[in-house]
Amino acid sequence: MHDIVIVGAGAAGCVLASRLTEDPDVSVLLIEAGTRSRKLEVKIPAAFSKLYRTELDWGDSTTPQSGLDGREIVFPRGRMVGGSAAMNAMMVLRGHRADYDAWAEAGCHGWAWNDVEPAFARSAASSFPLADLPEQHVLAEAFVHAAQAAGIPLTHDLNAEDNEGVGFVPVSQRRGRRFSVVEGYFDPARRRPNLTVVTGALVTRVLLEGGRALGVAYRLHDEEVEEEALADREVVLCAGAIGSPHTLQLSGIGPRAQLEAVGIDVRHESSGVGANLLDHLANGLFVKTRGVETLATAESLRNLVNWAIRGRGPLTSNLGEAVAFVRTKADLPAPDLELLLAPVLFEDEGLTQPTEHGLTLAVVLLRPRSVGTVTIRSSDPDVLPAVDPRYLSDPGGEDMATLLYGLRLARRVLAQEPLASFVERELQPGEHARSDDDLRAHVRAFSQTLYHPAGTCRMGSDASAVVDTQLRVRGVEHLRVADASVMPTLPGGHTNWPTVMIAERAAELLSAPAL
């Protein structure tokens, strides 16, 4: 028996376990389906996409997306200690003040900017430091200057209350190596006597009795026999925007029709579980470069030695080295579009090694109106749920219009010096693609996820919200969710640091005296 059982040792789970066990009187069990990985690709910043479709990845793909030519989109999700924070691009971007004020205005009282900013500050001060890249690629520097020439203002702090502008991305690195929640939170807490960690354990359901959570059932590795872990106080799901709703559904908490369709007894009907799937859709330009060496040749022995000994060189790149946050309309409260410069051709959704030098200038939809679902497929916990983001499905077509604006803006930036001097030719969509129809075809054929799913256990004060503002699952006592799935809307930044913030806030809520 433990006081608190946490499901998932990803970004949120590592933070929450660390913070809670700072109190020696609180015992915590942290359960993770994967293991602690020592692979070099986890440590080498530029190698993160090599972890896709390995044993460290859950292996998700979306359902066929009608808005993207029927393609199934690769949907990486970390299956290891650190979760997706151990295989991401290490970009520490929390979004705009207006994002969090909008949460509060929508009924998430206690989650406005002034409420959450101290949690961001606490993490940055102690366990999740923001760093500059050891070396900035010349193409990233050229992009920052070219964006200014195109009318985008320079910002020295992409995490300011107003994040509009272009600048260099702060990263979660230390000495040229990935420094995630694993190093910042998990490792310092790992040897505390009040923290127990079980890895290689797939949680199959939350144990429920009389409308309250008692603990969880799980299977070790490939064993068929279930074991149980009981919680004296709380069960907290930190399995992410795909794993947390799936675990609730496996436990009989979710939409009645979906659960009954796979033979699961409904323990608590909650229509919002698995609904409201939000994600940042990314498209952009592929450009063949000249006169510059890109990350296409980063994997040389010389570069590997330079990284291993000095923590320097191209292998320290996080790929997304510089970004610009822009408003497509002057009256918007916050930027709705992101331009992201990668000094490499990020081809085939990151699954293949580029064969020539080039850059990617990505266009990211920050405030998608298209909303999808995560739906259970089977009562067997080993069967992954159906992930259907429904990209570009918004009835008004505003998501597509925003991406088209972004593509044209990206071209204007590419035409400015000093970036223009490095451009040999546009590979995709190509110089011939000029009309809206041409660009729409490019968006449908080549868009992909930016790996920021959220919203599937939405927080709110209304009856359809899955969790309340204390992160408690509505209708089930002693059960909470604390990860990106509770976000009511996506922040206009990236989701890793906001997930850390949510876990920091969850630790406060769990540590507060019971009312």
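The values are calculated or read from the model by the stated rules, or taken from the named source; none is laboratory data. Values in this document were obtained by computation on a predicted structure and should not be read as measured data. Using ideal geometry, Cβ is built from the backbone for each residue, glycine included, and neighbour counts are taken over all protein chains shown. Protein only, heavy atoms only, side chains kept; ligands, DNA and RNA dropped before computing areas. Shrake-Rupley method; radii C 1.70, N 1.55, O 1.52, S 1.80 Å.
Compared with the dominant Cα axis of the chain, that is its longest principal axis, helix 113-126 is turned about 80°. Report the label-to-label distance for Arg53 and Asp380 in nanometres (one decimal), using points 7 Å from each Cα along the Cα→Cβ vector. About 2.3 nm separates the two model spin labels. Here each label is just a point 7 Å from Cα along the line to Cβ, and for Arg327 and Glu508 those points are 2.9 nm apart.
Using a 10 Å cut-off on Cβ atoms, rank the peptides 387-396, 189-198 from the highest mean neighbour count down. List each step's numbers first, then the result.
Working: 387-396: 18.3, 189-198: 15.6.
Output ranking for 387-396, 189-198: 387-396, 189-198.
Distance between the 7 Å Cα→Cβ label points at Arg38 and Ala149: 4.9 nm. Fully extending the segment from Glu22 to Asp157, taken as 0.36 nm per residue of separation minus the present Cα-Cα distance, adds 45.5 nm.
With unit charges on the beta carbons (Lys and Arg positive, Asp and Glu negative) and the dipole taken about the Cα centre of segment 309-430, which residue among Pro333, Thr360, Leu392 sits farthest to the positive side? Towards the positive end, the residue furthest out is Pro333. Oblate is the label for segment 29-110. Its Cα gyration tensor axes, ordered a ≥ b ≥ c, give a/c of at least 1.5 and b/c at or above a/b. Under a model in which nothing but the beta-carbon of Lys, Arg (+1) and Asp, Glu (-1) is charged, the chain shows a dipole of about 960 debye around its Cα centre. Given their separation in residues at 0.36 nm each and the Cα-Cα distance between them, Ser464 and Asp394 gain 23.1 nm when the chain is fully extended. Only one item in (i) 4, 20, 31, 27, 14, 4, 0; (ii) 3, 16, 26, 26, 19, 8, 1, 0; (iii) 3, 16, 22, 24, 20, 11, 3, 1, 0 matches P(r) over Cα pairs in 10 Å bins from 0, in percent derived from the coordinates shown, and that item is (i). Computed from backbone phi, the HN-Hα couplings of segment 305-319 come to 5, 4, 5, 5, 8, 10, x, 10, x, x, 6, 7, 5, 8, 6 Hz, rounded to whole numbers (Karplus: 6.51 cos²θ - 1.76 cosθ + 1.60, θ = phi - 60°; Gly and Pro given as x).
In this calculation the C-beta distance from Arg425 to Ser66 is compared with R0 = 45 Å, giving a FRET efficiency of 0.90. For the chain, the longest principal axis of the C-alpha atoms and the axis of helix 11-20 are separated by about 50°.
The distance separating the Cα centre of segment 82-136 from that of segment 17-44 comes to 20 Å.
In loop segments of segment 247-334 as defined by DSSP, there are no GluC sites (Glu not before Pro) with at most 10 further C-beta atoms inside 10 Å of their C-beta.
Rounded to the nearest 10 degrees, what's the angle between the helix 398-414 long axis and the longest principal axis of the chain, both from Cα atoms, 0 to 90? With both axes taken from Cα atoms, the answer is about 40 degrees.
In terms of the Cα gyration tensor, with a ≥ b ≥ c the square roots of its eigenvalues, is segment 322-403 rounded because a/c is under 1.5, prolate because a/b exceeds b/c, or oblate? Taking the square roots of the gyration eigenvalues as a ≥ b ≥ c, segment 322-403 is oblate.
If you stretched the chain out fully between Glu356 and Glu226, how much longer would it get, using 0.36 nm times the residue separation minus the C-alpha to C-alpha distance?
Result for the pair: 41.8 nm of gain on full extension.
When peptides 343-350, 434-441 are ranked by their average number of other Cβ atoms within 10 Å per residue, the highest-first order is 343-350, 434-441.
Loop-only GluC sites (Glu not before Pro) in segment 31-134, please: DSSP not H, G, I, E or B, and at most 13 other Cβ atoms within 10 Å.
Details: sites: Glu32, Glu41, Glu55, Glu72, Glu105; in loops: Glu32, Glu55, Glu72.
Hits after loop and neighbour filter: Glu55, Glu72.
Between segment 412-458 and segment 188-241, what is the C-alpha centre distance in whole Å? Answer, in whole Å: 43. With the Cα gyration tensor of segment 106-191 giving a ≥ b ≥ c as the square roots of its eigenvalues, does the rule (a/c under 1.5 for rounded; else a/b larger than b/c for prolate; else oblate) give rounded, prolate or oblate? Here segment 106-191 falls in the oblate category.
The 1.4 Å probe gives accessible areas that order Lys288, Lys50, largest first, as Lys50, Lys288.
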